[in-house]
Amino acid sequence: MGNFYLMEINYFTEMIEMAYQNYTSSRSEIHFSKKELQDLFLAMVVVTFAFAVALSNYGGFLNINWSAFPLALLISFLAVGSGFILHEMGHKFVAVRYGAWAEFRAWTQGLMMALMFALLTGFVFAAPGAVYIAGNITEEQNGKISIAGPLVNVIFALIFFPLSLIFSGLVINPILFQIVFYIYYINAFLAVFNLIPVMPLDGAKVQRWSTPIYVGILGIAIALLIPAFILF
Ligand SMILES: [Zn+2]
């Protein structure tokens, strides 16, 4: 089982504020700038590679099972695509719906750290980037923008948990089982991790908006994650 920690770093920079001032496209319209697409692509490639290394690493420096690497790459691509990229898009879509400017930016140091950690230790510890948001946002709107990411992870975990049970029970295809299991496991893990109520994680912002909703989604996420450690 791969080990991974993904976090988002949210902070404003002059660059972002300038971009917001030049933001002229109409409200509530999803738009991807060239810079955002480049950053999404870069983060996707690096995190996918880092996860694949972690999944096929027996621990220690470059102790990688290369024959297992192509499958690890496929699993990693699907799990990172659903668990990380669509999580970020959850934040973006809700923020844009509230009329805010919202774009993903990769964090180069975080990506390099993820690569180095994976190669050296078999762990992924990544802060690959975050959706930067600018505009007038209320605390409630900020809470909803923040819950959207973990909610995407919860939905994927809800779909892929029963599929994991089915494929592990039938034992028809171990590769198919590994694919559905890791999509479930990584999504459940990312939901729980991002809901830790400490800034800059999503959990802190959701909890500030509504404690009952925060406790509810955290409960669902933890309940989804636990079977990964005891059933499989
Ligand atoms: Zn998030």
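All of the numbers you see were taken from the coordinates with simple rules; none came from a lab. Note that the coordinates shown come from a computational prediction; the quantities given were computed from them, not determined experimentally. Ideal geometry is used to build each Cβ from the backbone, glycine not excepted, and the neighbour counts take in all protein chains shown.
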task = Per residue of region 99-110, in order, report the coupling 6.51 cos²θ - 1.76 cosθ + 1.60 (Karplus, θ = phi - 60°) as ³J(HN,Hα) in whole Hz, putting x for Gly and Pro.
result = x, 8, 8, 8, 9, 6, 10, 6, 10, 4, 4, x
query = From the phi of every residue in region 197-204, what ³J(HN,Hα) in whole Hz does the Karplus formula 6.51 cos²θ - 1.76 cosθ + 1.60 yield, where θ is phi - 60° and glycine or proline is x?
reply = x, 10, 4, x, 6, 4, x, 4
note = In whole Å, largest first, the alpha carbons of region 144-219 cover along the principal axes 46, 20, 15
ask   = In which sequence would Asp39, Asp202 go, from the one with the fewest C-beta neighbours within 10 Å to the one with the most?
value = Asp39, Asp202
request  = Work out, step by step, the length gained on full extension between Thr211 and Met116: first 0.36 nm times the residue separation, then minus their alpha carbon distance; give nm to one decimal.
outcome  = 30.5 nm
task = Project the alpha carbons of region 96-140 onto their principal axes and report the range along each, largest first, in whole Å.
result = 43, 19, 13
task = Based on other C-beta atoms within 10 Å, arrange Ser82, Ser210 from fewest to most.
result = Ser210, Ser82
ask   = Taking amide hydrogens as modeled 1.01 Å from N in the peptide plane, which residues meet the under 5 Å criterion relative to Leu195, leaving out close sequence neighbours?
value = Gly203
task = Using only the Cα atoms of region 87-232, each taken as one equal point scatterer with no solvent, compute I(q) by the Debye sum, divide by I(0), and report log10 of the ratio at q = 0.09, 0.12, 0.13 Å⁻¹.
result = -0.33, -0.57, -0.66
request  = Two decimals is fine: what's Rg over Rh for region 129-172, C-alpha atoms, Kirkwood radius as Rh?
outcome  = 1.29
ask   = If each of Ser168 and Ile222 carries a label point 7 Å out from its Cα toward its Cβ, how far apart are those two points in nm?
value = 2.1
remark   = Residues His31, His91 in order from fewest to most other beta-carbon atoms within 10 Å are His31, His91
